[in-house]
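So the structure is just underneath, and the comments pick up after that.
The values are calculated or read from the model by the stated rules, or taken from the named source; none is laboratory data. Being a predicted model, the structure only gives us computed values, none of them experimental. Here Cβ is always computed from backbone atoms with ideal geometry, including for glycine, and neighbour counts include all displayed protein chains.
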Amino acid sequence: MNRSRWKLYLFLALGLAFLYVPVLLLVIYSFNESRLVTVWSGFSTKWYGELLHNRQLLDAAWLSVRIAATNATFAVILGTLAANALVRHGNFRGRTGFQLLLAAPLVMPEVITGLSLLLLFVTMEQLVGWPAGRGFTTITIAHITFSTAFVAVVVRSRLSQMDRSLEEAAMDLGARPLRVYMSITLPLIAPALLSGWLLAFTLSLDDLVISSFVAGPGSTTLPMVVYSSVRMGVSPQINALASIVVLIVSVAVLVAGLLSMRQQPTAKAN
Amino acid sequence: MTNPAERRKLEPWQDPKAAPYVRIDHVTKKFGDVYAVDDVSLDIFQGEFFSLLGSSGCGKSTLLRMLAGLERPSAGRIYIDGADVTDIPAYSRPVNMMFQSYALFPHMTVEQNVEFGLKQDRMPRKERAERVGEMLALLQISELRRRKPDQLSGGQRQRVALARTLAKHPKLLLLDEPLGALDKRLRESAQFELVNLQERIGITFVTVTHDQEEAMTMSTRIAVMNAGQILQVDTPTAIYEYPEYRFVADFIGLVNLFDGRVMETQDDQVLIESSLGRRLHMRDLHPHAIGTPVTVAIRPEKLQICSTYQENGTNQVKGVVEDIAYLGDVSIYRVRVSPEMLVEMTLTNVHPRTEQALTWGQEVAMEWSPTSGVVLTE
């Protein structure tokens, strides 16, 4: 028994190592003195300093963050509406169809989503003159299309776990439907909205394929810059940048986890 | 004895001039093709503690939800205090409901939960605080006011839920399985508390329950429901002693049912040839014609040990004790009287169990009086 336990830990360690050692190496090498990414020559933070002066990279990062935040906000609104329709409105006509359409972006190959959106934007520009050119707007719209699906999944599971009688009790106590939604439903599904937002944010932040299709000149997102510069040869600056992204994402995931953990017992209580 | 005037006050349903407080008028509710509630009419009077009793899926909860306004009847009208409320949404009805799960808002404190309904009415802050204090005091939960629902025990949650529903001084309080989520010990004390509370505040209560014992102890009247219909509406005593349907007799407590056919009638006395192979002599409140197939229902505690057994005696039967269920105060004896028939007899355990006269495998003769059961046709 002790033996098999020891083996279990070994496999766990191997699994975790497989997942996280590369990330860890990347972070360690961001503090490397040398210009060569694979040779360690001493500790230094100079690449972080250089990163701060790399306008191209910083602009791309800022654009990506703006796109990610806008995308996440719209995705949460649309995803929540969709989840509400699915959970709260019973078997409306075309429910199955709606469900399929909503889930499609989850399984659709990104190349196809990207290409079809590009064709759509080009056609629309020719027909109605909007969106004019490709850039922030088109990338954001493209990201919203798939982020919404993810948010809907998260919010939907939370909504369907929620005791329906809570809303009925509020209505019974004199609250009109909108009031019920604002003071009972929303606070109770807030953790799901937040994790949905963070999920949409990260999905958008690291999307490369779809962005590449619908981006225009002057609207290069961070993953696009990273990808193209890696092809020229990896600079330790990229390591530094990646470390910062890892840090931000870790903190966000941690915060989301803590929030949902704190909400969980109260949600179960009823 | 109480005089007639007083009796009418205590039992308004006996008074032909009393106006019902809640009137359910030919109400039907369909979900798709299924009739959850099927053409139900019912009058409930002010100050009653009325119970809808039935097994799950009989439509009792749907009926309650229609009173609350959470479901809309497919047909029929509902009146409360003289006003037609059928088309009034739940949030505008002078009715509050306590949910089976209590449905306390998990993100609000006890105080905020109780205050929620008052806020919706835009009651001034000072008045609101007063009313909340009153309600918390009424249910003796003032010291819990700052707690969240997940920090409360089952019994405390029930009190908070009650306080919240009573806070708006509803005309009618609906309770869906009010004691269902409590454990057995707590449930018994809560039954009495609920009845006392209701008598103190004088609000009309309508509860839904599947627990016949609960309905018997608490209610002024009980409506027994089955398959979306109300079978019988009566006081707990009448429901137990004079059921009108086999289903009602069978649903409430234990009962022995003997099938038979009417042979002779005289006034309210009836002679029945039964499947036991002997004659039964019963009093029949609704005399049936000769030849009618009937069922005689006798409660196990109405049976007695017979000392004058005769092979052809009426209201007598003999068999062998097959099972004994010892419940402490009483024991239920299952006596095999024929290969396909068991008769249940309850005897009070006057003596300690070890000294009891009846034991397994023993032959026993039983009898009952003509007034101790009812004659049913359906």
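So, of the residues in segment B:93-112 that are assigned to a helix (DSSP H, G or I) and touching a residue at least 12 places away in the same chain (Cβ under 8 Å), which turns out to be nearest to the chain's Cα centre (by Cα)? Per the stated criteria, the residue is B:110.
Of all residues in segment B:29-45, at least one satisfies being over 18 Å from the mean Cα position of the chain (by Cα), of a type in the set (A, V, I, L, M) and surrounded by fewer than 19 Cβ atoms within 10 Å (Cβ to Cβ).
Among the residues of segment A:11-44, those identified as among the polar types (S, T, N, Q), part of a loop (DSSP other than H, G, I, E, B) and more than 30 Å from residue A:218 (Cα to Cα) are A:34, A:38, A:41, A:44. Within segment B:117-127, the only residue that satisfies the criterion of being more than 9 Å from every other protein chain (Cβ to nearest Cβ) and buried (at least 16 other Cβ atoms within 10 Å of the Cβ) is B:123.
Yes/no matrix, rows are residues, columns are (1) hydrophobic (A, V, I, L, M, F, W, C); (2) surrounded by fewer than 19 Cβ atoms within 10 Å (Cβ to Cβ); (3) within 18 Å of residue B:154 (Cα to Cα); (4) assigned by TED's automatic domain parsing to the domain that holds residue B:96:
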| residue | (1), (2), (3), (4) |
| --- | --- |
| B:190 | yes, no, yes, yes |
| B:195 | yes, yes, no, yes |
| B:205 | yes, no, no, yes |
| B:211 | no, yes, no, yes |
| B:220 | no, no, no, yes |
| B:223 | yes, no, no, yes |
| B:228 | no, no, no, yes |
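Residue-by-condition table, conditions (1) away from every other protein chain (no Cβ under 14 Å); (2) touching a residue at least 60 places away in the same chain (Cβ under 8 Å); (3) under 28 Å from residue A:222 (Cα atoms):
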site: A:82; (1), (2), (3): yes, yes, no
site: A:94; (1), (2), (3): yes, no, no
site: A:98; (1), (2), (3): yes, no, no
site: A:107; (1), (2), (3): yes, no, yes
site: A:128; (1), (2), (3): yes, no, no
site: A:139; (1), (2), (3): yes, yes, yes
site: A:164; (1), (2), (3): no, no, no
site: A:170; (1), (2), (3): no, no, no
site: A:175; (1), (2), (3): no, no, no
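Residues in segment A:227-238 that are in contact (Cβ under 8 Å) with a residue 24 or more places away in the chain and under 21 Å from the mean Cα position of the chain (by Cα): 0 in all. In the condition set (1) within 15 Å of residue B:190 (Cβ to Cβ); (2) free of Cβ contacts under 8 Å to residues at least 24 places away in the same chain; (3) of a type outside the set (Val, Ile, Thr), residue B:128 is compliant with all but (1). Does segment A:249-264 contain at least one residue that is assigned to a helix (DSSP H, G or I) and touching a strand residue (DSSP E or B) at 6+ places or on another chain (Cβ under 7 Å)? Scanning segment A:249-264 turns up no residue that is assigned to a helix (DSSP H, G or I) and touching a strand residue (DSSP E or B) at 6+ places or on another chain (Cβ under 7 Å).
Being outside any loop (DSSP other than H, G, I, E, B), in contact (Cβ under 8 Å) with a residue 40 or more places away in the chain, out of contact with any Leu (no Cβ under 9 Å at 6 or more places or on another chain) and not small (Gly, Ala, Ser) is a property that holds for residue B:115.
With respect to residue B:356, determine if the residue is more than 20 Å from residue B:266 (Cβ to Cβ), without any contact (Cβ under 8 Å) to a residue 40 or more places away in the chain and either touching a Lys or Arg at 6+ places or on another chain (Cβ under 8 Å) or not basic (Lys, Arg) (or both). Yes, satisfied. Residues of segment B:273-306 that are of a type in the set (Val, Ile, Thr) and touching an Asp or Glu at 6+ places or on another chain (Cβ under 9 Å): B:290, B:294, B:295, B:296, B:305. For segment B:88-116, the set of residues classified as closer than 18 Å to residue B:72 by Cβ, surrounded by 22 or more Cβ atoms within 10 Å (Cβ to Cβ) and more than 7 Å from every other protein chain (Cβ to nearest Cβ) consists of B:93, B:95, listed by residue number. Scanning segment A:115-139 for residues that are under 18 Å from the mean Cα position of the chain (by Cα) and either surrounded by 22 or more Cβ atoms within 10 Å (Cβ to Cβ) or among the acidic types (Asp, Glu) (or both) yields A:138, A:139. Pick from segment A:177-223 the residues that are touching a residue at least 40 places away in the same chain (Cβ under 8 Å) and among the polar types (S, T, N, Q): which of them is nearest to the other protein chains (Cβ to nearest Cβ)? Across segment A:177-223, the extreme among qualifying residues is A:195. Among the conditions (1) over 18 Å from the mean Cα position of the chain (by Cα); (2) more than 21 Å from residue B:173 (Cβ to Cβ); (3) more than 11 Å from chain A (Cβ to nearest Cβ), the only one that residue B:80 does not satisfy is (2).
Based on this model, can you work out whether residue B:25 counts as in the same structural domain as residue B:168 (by TED's automatic domain parsing), in contact with a His (Cβ under 6 Å, 6 or more places away or on another chain) and within 30 Å of residue B:217 (Cα to Cα)? Answer is no for this residue.
Restricting segment A:1-51 to residues that are within 10 Å of residue A:236 (Cβ to Cβ) and of a type in the set (Ser, Thr, Tyr) leaves a set whose member that is surrounded by the most Cβ atoms within 10 Å (Cβ to Cβ) is A:30. Candidates B:372, B:331: the one that is farther than 20 Å from residue B:257 by Cβ and buried (at least 16 other Cβ atoms within 10 Å of the Cβ) is B:331. Check segment B:61-69 and report whether any residue there is within 14 Å of chain A (Cβ to nearest Cβ), in a helix (DSSP H, G or I) and more than 27 Å from residue B:191 (Cβ to Cβ). No, segment B:61-69 contains no residue that is within 14 Å of chain A (Cβ to nearest Cβ), in a helix (DSSP H, G or I) and more than 27 Å from residue B:191 (Cβ to Cβ).
If only residues of segment B:59-95 that are of a type outside the set (Val, Ile, Thr) and touching a Gly at 6+ places or on another chain (Cβ under 7 Å) are counted, the one that is farthest from residue B:27 (Cα to Cα) is B:91.
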